Amino acid sequence: MKKAVLDILVCPNCLPEERELSAEVAEEKDHDILQGRLICGHCSMVFPIEDGLAFLDPGAFVGRAGGNRYETAPVVSSYLWSHYGDLMHDGEASDAYSRWAGLMEPLGGYCLDIGGAVGRFAFEMTSKSDFVIGIDNSTAFIRAARELMRHQRMEVPLAVEGLLTRDLTLELPEEWDMKKLEFIVGDALALPFKGGVFTSLASLNLVDKVPSPLKHLYEMNRVARAQKAAFLFSDPFSWSEEVAEQEEWLGGKGAGRFAGRGVDNIASILNGDGGVLTPPWSVKDRGHVWWKIRTHANHFELIRSCFVKAER
């Protein structure tokens with residue numbers, strides 16, 4: 001973990017109180033902490049840094065025990081293709097992530113990609129921000145993103161059929177600035193950052209994958225600047241009771257709070273209706289992006305992700 005990130009970290013276990021973390025560094029190289037730990041002086045919780053990865057999920061570091069489906073090699077490969085297939089010159093790939101990044105204006109300051117998986121949006125934003133952080137609760141995703149950050153290339157094994165695979169070479173564009181980038185294992189519902197820090201934020205295909213969608217929006221709003229900030233939200237709204245209780249859904253219901261379509265409710269929340277988020281945002285653009293996930297050579301999942309771009 002780059003030492004530059006230390007200045008904006010807080011203990012995610014102590015939220016909503018923002019308690020600073022102290023760092024014990026066992027090994028570092030070029031201002032990058034390779035081995036060490038982050039310690040909260042208030043709750044005494046210890047967050048390890050191993051091989052450069054900072055584990056700041058207060059809930060037992062999801063995925064490190066291998067129980068999360070996002071930790072498997074086939075899923076990591078699938079997400080690498082879904083993020084970077086266009087850069088691997090695969091004719092079946094979508095351009096979703098370059099389109100999402102194209103919706104964002106350069107604002108400088110800190111950028112946060114929440115639930116950023118293997119990191120494509122975060123890489124894209126290095127040309128528009130002073131420093132970019134990608135956060136996800138999948139250790140395997142963050143490890144892959146950080147390996148790309150370190151080496152700027154990777155051989156990606158893609159499933160062809162059954163046990164058959166083929167390798168594609170992924171090389172990142174030279175204009176993406178690896179010095180302005182970091183990836184952290186963490187929880188979208190307990191972001192380990194000080195309030196009011198980020199000028200640019202994104203939540204892409206995440207809100208229907210967390211147990212408390214509204215808390216995710218609260219956390220996003222907490223760490224965003226009160227002025228001169230931009231937020232890009234995009235999701236297919238595939239609500240599921242396996243992930244969240246119906247009462248927690250922000251759409252997909254005929255009655256009750258947040259009845260109707262999710263994208264309309266998100267736009268309403270961001271606009272300040274009902275005083276859910278303060279200060280309110282102003283929705284500047286709406287639309288959709290087609291996103292594709294590859295399982296194997298003969299199986300793809302095509303997803304329409306509806307976006308809302310807001311500023312304040």
For this session: Could you check, for the range 201-223, whether at least one of its residues is surrounded by fewer than 22 Cβ atoms within 10 Å (Cβ to Cβ), over 19 Å from the mean Cα position of the chain (by Cα) and in a helix (DSSP H, G or I)?
Result: no
For this session: Return only the number of the condition from (1) in contact with a strand residue (DSSP E or B) (Cβ under 9 Å, 6 or more places away or on another chain); (2) hydrophobic (A, V, I, L, M, F, W, C); (3) exposed (fewer than 12 other Cβ atoms within 10 Å of the Cβ) that residue 255 does not satisfy.
Result: (1)
For this session: Show the residue pairs that are 6+ apart or on different chains and have beta-carbon atoms under 6 Å apart, the first residue being within the range 150-165 and free of Cβ contacts under 8 Å to residues at least 24 places away in the same chain, the second being in a helix (DSSP H, G or I) and aromatic (Phe, Trp, Tyr).
Result: none
For this session: May I ask you to say which residue of 128, 29 is in the same structural domain as residue 200 (by TED's automatic domain parsing) and out of contact with any His (no Cβ under 9 Å at 6 or more places or on another chain)?
Result: 128
Seminar exercise, completed: The one condition residue 87 fails out of (1) touching a residue at least 40 places away in the same chain (Cβ under 8 Å); (2) in a loop (DSSP other than H, G, I, E, B); (3) more than 26 Å from residue 165 (Cβ to Cβ) is (3)
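Can you tell me how many residues in the range 166-193 are farther than 18 Å from residue 73 by Cβ and touching a residue at least 40 places away in the same chain (Cβ under 8 Å)? Break it down into steps so the answer makes sense when it comes.
Here is the first cut: in the range 166-193, the residues farther than 18 Å from residue 73 by Cβ are 171-184, 186-193.
When the remaining residues are screened for being touching a residue at least 40 places away in the same chain (Cβ under 8 Å), the result is 171-173, 175-178, 180-184, 186-188, 190-193.
Qualifying residue count, the range 166-193: 19.
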For this session: Could you tell me whether any residue of the range 32-48 is free of Cβ contacts under 8 Å to residues at least 40 places away in the same chain, among the charged types (D, E, K, R) and in contact with a strand residue (DSSP E or B) (Cβ under 7 Å, 6 or more places away or on another chain)?
Result: yes
Problem set entry | Selection count, the range 247-286, where residues are at pLDDT 95 or above, on the phi > 0 side of the Ramachandran plot and not in a loop (DSSP other than H, G, I, E, B) | 1
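The values are calculated or read from the model by the stated rules, or taken from the named source; none is laboratory data. Source: prediction; values computed, not measured. Glycine also receives a Cβ, built like all others from the backbone with ideal geometry; neighbour counts cover every protein chain displayed.
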